[in-house]
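Single-structure report; data block below.
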Amino acid sequence: MNLLVSYDWLKEYVSLKEKPEEFAARISLSGPAVEKIIPQGEELRGIVVGKVVKLSPHPQADKLSLVSVDIGHKQPINLVCGGTNLYVGQVVAVALVGAMVRWHGQGDLIELKPAQIRGVKSEGMICAASEIALGEAFPHEEREILDLGKELGLANNPPLIRGAGGINPGTPLADALGLSGDVVMDVEVTSNRPDCMGMVGMAREAAAILKHPFKWKEPVLSVSKSKGKKAGVKVTIDAKKACSRYIGVRINGIKVGPSPWWMKRRLMSAGVRPINNLVDITNYVMLETGQPMHVFDVAKLKGSEIRVRFARANEKMMALDGKTYQLDDKILVIADAERPVAIAGVMGGEETGATAKTTDIVLESACFDPVVVRKGSRKINLQSDSQLRFEKGLSQLSPPSAMARAIKLVLELAGGKVVGEPADVMPTAYKPVAYSVTTDEVNGLIGVEVKKTEMIDVLRRLGFKVSATGKHIKATVPWWRDHDVEMGRDLVEEIARVIGYAKIPSVVPIAVAPRQTDQVIQWEDRLKDSAKAAGYTEVYSWSFVSEDLLRKASYDPKNLLHVLNPLSSDWSVMRPSLIPGLLQAVADNQEREKCLRLFECSNIYVRNDGQTSGPWKDLPDEVPEMAIMVKDTEDDQPWRTAKGLLEHLFENFGISDVHWKRISRDNIWHPGRSAQAYKDNKLVATVGEIGPQMLETFKIKSRVGVIVINFREFISLAKVSKAYVPPMPYPEAKRDLAVVVDRNVEYGEIALSIRRADPRILDVQWFDTYEGKGVPDGKKSVAMHLTIGSPEKTLESSEVDGVLNNAILACQEKFKAEIRA
Amino acid sequence: MKDQLEALRLEIERDVKAAKSLAELEQIEIKYLGRKGELTSMLKGLANVPADQRPELGALANKIKQAGLDLIAGKRDSLASSRYDAIAETERVDITEPGVRPPEGHLHIMTQTIREITSIFEKIGFYRIRYPEIDWDWYAFEALNMPPDHPARDDWETFFMDAPSTKKGKMVMTPHTSNGQIHELERHKFPIRMLNIAKCYRRQIDATHTPMFHQFEGLLVDEGVNITHLRGILDYFAREFFGPGRVSRIRPHHFRFTEPSFEVDISCGVCGGTGMVEKKKCKVCKRGWLEIGGAGMVHPNVLKATGVDSKKYTGFAFGWGIERVAMMKEGVKVDDIRVLYQNDVRFLKQF
């Protein structure tokens, strides 16, 4: 999470000499990372402090005045202004020509131009707070202009601003407000460092890293050992594991009002809107110390007591955000005698919050269990700055100093009187922890030699109590690092980062790989390359699909792997096949592309029935698979394209003599146009077309050719190396042969018979199958190229004719074939 | 006869000169100089000529024949070259028309990026292994030093399978590739120089997150491994993957399974690591650097959980999202990362 850090504010706690840029660069390398640097007061450019010296009514408009304002020039300037609260002697903000303002606090920023208002020239504009982005700091009635003297207390206090003698007419407003020269840094704080979610923690880091003096003196909360007998408020912790400390302090007779500008300015720099002095103090203390605070209005607390307990079933509470939350026994609350008045660590209740009429309060500074806070907040879906800090884990020792600080600020800014003693309840005592590390361990891990004295120095600057004997360094963890530092190894990190990672050299450890890359990965790459070379495009589909899609593809979701907590029902079942995803891709792209050639090579997921063939015996089988689809609106036999590619892949990877089996009735595959390739009784691949029913389900308008490769079987048979067969030394003869056979006789059988008819038939290649005119019904004509030759000699023409005749005889004998001329 | 020969010479000259094609020239050669040509038949008449004139006429006839052949050869050359000249015109095509391309296939940008990363690390002795995407809590969390109440183990962050738990805990869809570390460490075979690149799953979806994504993870464990080696690996990757001159840096970060943990940045290629382009803030990076991923020295608790002696062995792990580095490198500026997995051919064809 991020914290907005005003550089000026940070300097209250640590002496810094660096320019903001230098500071950011250095801190980011050793501690929290500065992501952005935002200069302050830029939006107030061209706006100066002025003093009203003369007022007169506008001759043409009742609601406007003519105003002479001293802005430090020789002569006052003259303006037209509609402010209802103008008076002579008033200190105001004057926007000069060129400044950026927001008319009446609405719309976009507009550059101020010289103007004639109802016929009178105006040389600038007296601004309302909302017109110059100060509406949050100085809320006002409509048509009221910003009364700087009143808001900044200039009448009572001699104005103090950095470096200057005071606020005079003509002083830039940004200077008068103390914004000039400051920057706000947007700092990323990692989840293990909630101590840096406050200025003090950030300053402590800066002091340690930059070796500058740390100026913060931790305020002390004094509590006598009276065990709460003299406490100003009664506090009971019922949920002792969920709340390791609760401090309540009662203050009576306070006066709620706006906070002074210095506090508003700090809050605004951190992105927090000022509300009133009480709320502002709780926020200020949190931003300063990292410890969230809360304030209750005693008048609204039933029984004026505080209980920390889990909510009861059916309890409800309206929080400060105005929404009512349903609570349950997993949600930790702060309750009075009757009902929850705050969701512990998350947000206070609306009814018991401080209002303008509040006079008596109870301040809360506590330590809640990080998991309880996180789970509660997630459960009711309510986040806050307080919850974000608590869920990272705060220390049991954090509440008292923050409380002391808050009390001081309340008394200073809202008056009142502390009643009795603070109630400080701690179910278990705090035990500091200490860890050891040796200098060898530190140097061994960093890889460069660091002096022992330097190690000790770094740890001390970070607040560890260190003792050292020989090579052993023992460090007691400071309370603000309670949940973070867990063992000796953590000390190595502290030393290494503060010294600076940039100082550690870079050495490439080159070696010979001690193990081979996984076979499946290598084969995936080879097959992907082949598919790409053949003109196919790879897709990546989601590993999880909807039950609906699977039902479309005729899968029974009952047998599949389900996600327990899917993001949506679209992604609820682990895919058992790559086909549904690819079909979806074909359907989605078909309107735009005449020809689609797609493939995916990835895992499918199979429930483990105890007989998995995968490498992990107790887990679902993640089966590698490759699926390829081809659709071409001009091709009504895409099965042939698919089969051709599969044959190409077989040949390319040395898989020969596969046995083709017609696929039996199936919901996905086309019943007449699909086949399975077997080798050594293993199913290697399935090829064919998608069945018409499935095409209709996916609303695909053309035929789709498809291949599914069973990866594990394919790999077990595939070869990369090849054996060389020398070509025939004598010329080969080519003859064409066309035979007319029954329609159900398959080419494969014919080719096999021909090959067997004569050893001099070296090859048979199909080139056409014809049915129709000239061929009797129920018959087809199959045409082939025959390659005829001998390794011993060149065959005479008559010998070739003899071989061809053997082929013809075989066809006649086996298939009752007739020979076409 | 002498006159006849002279006349023939003139005829040959005239015809050759007038010839317009190689075929025509061929005919002229046959007609006058061929085996049954006019010159031959004229020479047959030589027998009737008085013997004393024969040598002179014979010589003349030979001279005419040679002259004719030379003439034809010369003409043949000139005809041939003018024919080649004419081809430029007669066979001219519009060269701006497109060629006939082979079918063009494409590998997904994820595949391409994964391969590139793999080959970079294989060169310095890493091997790639497949580990489960669906795994037990022990591998995904517990052995990685993530306590039971760690937010990543909440069911609003991680997907769980609808399957019974075992002594290794719940069955989870791995939210990172770090489960590979535990499997690899449990083999107790050193040195370990593993790459695990796999699909991962997290319960988030928006313009920069998809519930399925790809992560890359490297693990090196051996005796005497320290931070200098990690820095070396990261610098090596920066220049191999992003190009010469690019470097890495590490900053403190926090992960449960490494200590110390680092955020890894790569110097920005647009501003050269300065953070400024023409005196304006670089729009691509954060102050000269781009966050790429995480790294750290393997936490002693992780070694302990896998039964590895943490006094003897040390190591580091590093990893990042493949989607992110692909975007960082290719200049692929997609507004919505979900386009990677929507399988729109118009997107896929561009890689």
* Would you mind finding the one in A:R597, A:R489 that is among the basic types (K, R), crowded, with 18+ Cβ neighbours inside 10 Å, at the interface with chain B (Cβ under 7 Å from one of its Cβ atoms) and closer than 30 Å to B:Q112 by Cβ? => A:R597
* Need at least 2 residues that are closer than 30 Å to A:G119 by Cα per element, so show me which strands (runs of 3 or more DSSP E) inside region A:1-84 make the cut, counting only ones lying wholly within it. => A:47-58, A:61-70, A:77-81
* Are there any pairs, at least 6 apart or on different chains, whose C-beta atoms fall under 9 Å, with the first in region B:120-131 and assigned by TED's automatic domain parsing to the domain that holds B:P244 and closer than 22 Å to B:P244 by Cβ and the second among the small types (G, A, S) and modelled with pLDDT of 95 or more, and if so, which? -> B:F121/B:G218; B:F126/B:G218
* Structure fact -> Residue pairs qualifying under the 7 Å Cβ cut-off, at least six apart or on distinct chains, with the first in region A:792-821 being under 13 Å from A:S753 (Cα atoms) and the second being hydroxyl-bearing (S, T, Y) and part of a helix (DSSP H, G or I), are A:A810/A:S753; A:C811/A:S753; A:K814/A:S753
* Determine if region A:511-529 includes at least one residue that is out of contact with any strand residue (DSSP E or B) (no Cβ under 6 Å at 6 or more places or on another chain), facing another protein chain (nearest Cβ under 8 Å), within 17 Å of B:D162 (Cβ to Cβ) and not polar (S, T, N, Q). => no
* Asked: Looking at (1) under 16 Å from B:T111 (Cβ atoms); (2) assigned to a helix (DSSP H, G or I); (3) not hydrophobic (A, V, I, L, M, F, W, C), which is the one condition that is false for A:K558?
  -> (1)
* Within the group B:N343, B:N301, which residue is within 10 Å of chain A (Cβ to nearest Cβ), polar (S, T, N, Q) and assigned to a helix (DSSP H, G or I)? -> B:N301
* To do: Read through the list (1) in contact (Cβ under 8 Å) with a residue 60 or more places away in the chain; (2) within 11 Å of another protein chain (Cβ to nearest Cβ), then give the number of the only condition that A:A496 fails.
  => (1)
* Say we look at region A:386-411 and pick out the residues that are touching a Pro at 6+ places or on another chain (Cβ under 6 Å) and either at pLDDT below 95 or farther than 14 Å from A:M286 by Cα (or both); which of these is surrounded by the fewest Cβ atoms within 10 Å (Cβ to Cβ)? -> A:G393
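Results for (1) touching a Gly at 6+ places or on another chain (Cβ under 8 Å); (2) among the hydroxyl-bearing types (S, T, Y); (3) within 15 Å of A:L582 (Cβ to Cβ), shown as yes or no for each residue.
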{"site": "A:D621", "(1), (2), (3)": "yes, no, no"}
{"site": "A:A627", "(1), (2), (3)": "no, no, yes"}
{"site": "A:L646", "(1), (2), (3)": "no, no, no"}
{"site": "A:F650", "(1), (2), (3)": "no, no, no"}
{"site": "A:F653", "(1), (2), (3)": "no, no, no"}
{"site": "A:L683", "(1), (2), (3)": "no, no, no"}
{"site": "A:G688", "(1), (2), (3)": "yes, no, yes"}
{"site": "A:G691", "(1), (2), (3)": "no, no, yes"}
{"site": "A:V704", "(1), (2), (3)": "no, no, yes"}
* So which of B:I129, B:I87, B:I134, B:I95 is facing chain A (nearest Cβ under 7 Å), hydrophobic (A, V, I, L, M, F, W, C) and either surrounded by 23 or more Cβ atoms within 10 Å (Cβ to Cβ) or farther than 30 Å from B:W320 by Cβ (or both)? -> B:I134
* To do: Determine, yes or no, whether B:V284 is in the same structural domain as B:A326 (by TED's automatic domain parsing), at negative phi, within 29 Å of the chain's Cα centre (by Cα) and modelled with pLDDT under 95.
  => yes
* To do: Out of the residues in region A:4-45 that are over 30 Å from the mean Cα position of the chain (by Cα) and small (G, A, S), state the one that is farthest from the other protein chains (Cβ to nearest Cβ).
  => A:S15
* Any chance you could count how many residues in region A:509-555 are assigned to a loop (DSSP other than H, G, I, E, B) and under 33 Å from the mean Cα position of the chain (by Cα)? => 9
* To do: Quickly run through region B:151-174 and pick out the residues that are assigned to a loop (DSSP other than H, G, I, E, B) and at the interface with chain A (Cβ under 9 Å from one of its Cβ atoms).
  => B:D154, B:D155, B:W156, B:T158, B:F159, B:D162, B:A163, B:K168, B:K170
* Within the set of pairs 6 or more residues apart or between chains, which connect a residue that is under 30 Å from A:L527 (Cβ atoms) inside region B:93-106 to a residue that is of a type in the set (V, I, T) with Cβ atoms less than 6 Å apart? -> B:G105/A:T537; B:H106/A:T537
* Pull up region A:332-349, narrow it to residues that are over 16 Å from A:G248 (Cβ atoms) and in contact with a Ser or Thr (Cβ under 9 Å, 6 or more places away or on another chain), then point me to the one that is surrounded by the fewest Cβ atoms within 10 Å (Cβ to Cβ). => A:M347
* Residue satisfying all of: in region A:556-584; away from chain B (no Cβ under 12 Å) and without any contact (Cβ under 8 Å) to a residue 24 or more places away in the chain; farthest from the chain's Cα centre (by Cα) among these -> A:D556
* To do: Please work out which one of (1) on the phi > 0 side of the Ramachandran plot; (2) touching a helix residue (DSSP H, G or I) at 6+ places or on another chain (Cβ under 9 Å) is the condition A:K227 fails and give its number.
  => (2)
* For region A:530-552, name all the residues that are more than 7 Å from every other protein chain (Cβ to nearest Cβ) and in contact with a Ser or Thr (Cβ under 7 Å, 6 or more places away or on another chain). => A:F544, A:S546, A:E547, A:K552
* Single unsatisfied condition, A:K225 versus (1) within 37 Å of the chain's Cα centre (by Cα); (2) free of Cβ contacts under 8 Å to residues at least 40 places away in the same chain; (3) exposed (fewer than 14 other Cβ atoms within 10 Å of the Cβ) -> (1)
* Which numbered condition A:L550 misses (of (1) at pLDDT 95 or above; (2) in contact with a Pro (Cβ under 9 Å, 6 or more places away or on another chain)) -> (1)
* Does region B:223-243 contain at least one residue that is on the phi > 0 side of the Ramachandran plot and either among the aromatic types (F, W, Y) or over 24 Å from the mean Cα position of the chain (by Cα) (or both)? -> yes
* To do: Please give the strands (runs of 3 or more DSSP E) falling wholly within region A:104-145 in which 3 or more residues are crowded, with 19+ Cβ neighbours inside 10 Å.
  => A:124-126
* **region A:585-594, subset at the interface with chain B (Cβ under 8 Å from one of its Cβ atoms) and part of a helix (DSSP H, G or I), residue nearest to A:V684 (Cα to Cα)** => A:A585
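The values are calculated or read from the model by the stated rules, or taken from the named source; none is laboratory data. In this text the structure is predicted, and so the values were computed from the model without any measurement. Positions of Cβ are generated from backbone atoms using ideal geometry, with glycine treated the same way; all protein chains shown enter the neighbour counts.
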